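Working notes, structure below.
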């Protein structure tokens, strides 16, 4: 492959694994202005760090990949980078956006005739490192095969949802399902502890029925042994995603009610100062 890729967001849980897999076949440039741990590890494995966005004009990039915290940050970066990407043939945005975020991002790059696609991913930090994530792709169809050249280095499946707005909605709906399931698992174990029900036996029973899920298995196996870090997604990120979801389904009464209840759960947790904890850590941090 041997492409030149600038990866923005390689210091995050998911971005680090993606960038690490891209490094196996490509020249990967990374940029960071905060956490250094994952960046230092990538650089030690061959990544090249840039200190300023001004350096981008001289890189002759094949692809820019973004995996950042939220839509406002992504738009800020896009406005800074787009004028410098004259030779870049493709931008792949892996960010989970609000309902208009992907469309707004596309508009920024369209002004400079730069092809923009979205490809938010499903999975955890472990799947990212193993290169077996799932991807929800959206963009101009003539860029699908080119996108897969990059995405297949860290994704097991890349599913085409059509336009960027449809892929964005699909990602939020997928997160709606997974985050509500995960929240239920957290409350399941908190309630069991309060009621004096044996966690191990309860887990064995749950695995036999329709309550079995990836979220249950990720959380339970570790939590039963006293480790509450099984679900590597933070409370603050969960609140962000549920806020986006709540806005997406605001005209769907039942879905809006469900998302509002979950959103309030995490709003309260952030107000208590638990925003940086993982969702699964709330079993221990917010006991009844």
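The values are calculated or read from the model by the stated rules, or taken from the named source; none is laboratory data. Just so it is clear, the structure is predicted and the values come from calculations on it, not from any experiment. Glycine also receives a Cβ, built like all others from the backbone with ideal geometry; neighbour counts cover every protein chain displayed.
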Please determine whether any residue of the stretch 57-76 is at pLDDT 95 or above, surrounded by 19 or more Cβ atoms within 10 Å (Cβ to Cβ), outside the structural domain of residue 233 (by TED's automatic domain parsing) and assigned to a helix (DSSP H, G or I).
yes
With respect to residue 131, is the statement that it is touching a helix residue (DSSP H, G or I) at 6+ places or on another chain (Cβ under 9 Å), surrounded by 15 or more Cβ atoms within 10 Å (Cβ to Cβ), modelled with pLDDT under 95 and within 21 Å of residue 154 (Cα to Cα) true?
no
Output yes when any residue across the stretch 19-35 is under 18 Å from the mean Cα position of the chain (by Cα), over 21 Å from residue 116 (Cα atoms) and in contact (Cβ under 8 Å) with a residue 40 or more places away in the chain, and no when none is.
yes
Residue within the stretch 204-223 that is touching a residue at least 40 places away in the same chain (Cβ under 8 Å), closer than 13 Å to residue 279 by Cβ and surrounded by fewer than 16 Cβ atoms within 10 Å (Cβ to Cβ) present
yes
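Return yes when residue 266 is farther than 14 Å from residue 175 by Cα, in contact with a helix residue (DSSP H, G or I) (Cβ under 7 Å, 6 or more places away or on another chain) and not assigned by TED's automatic domain parsing to the domain that holds residue 122 and no when it is not.
yes
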Can you tell me how many residues within the stretch 137-151 are touching a helix residue (DSSP H, G or I) at 6+ places or on another chain (Cβ under 9 Å), free of Cβ contacts under 8 Å to residues at least 40 places away in the same chain and under 22 Å from residue 23 (Cα atoms)?
1
Would you confirm whether or not the stretch 9-32 contains a residue that is modelled with pLDDT under 90, out of contact with any helix residue (DSSP H, G or I) (no Cβ under 6 Å at 6 or more places or on another chain) and part of a helix (DSSP H, G or I)?
no
Count of residues meeting criterion [assigned to a loop (DSSP other than H, G, I, E, B) and either in contact with a strand residue (DSSP E or B) (Cβ under 9 Å, 6 or more places away or on another chain) or on the phi < 0 side of the Ramachandran plot (or both)] in the stretch 99-119:
7
Out of (1) over 16 Å from residue 170 (Cα atoms); (2) in contact with a helix residue (DSSP H, G or I) (Cβ under 8 Å, 6 or more places away or on another chain); (3) in contact (Cβ under 8 Å) with a residue 12 or more places away in the chain, the one residue 246 does not meet is (1)
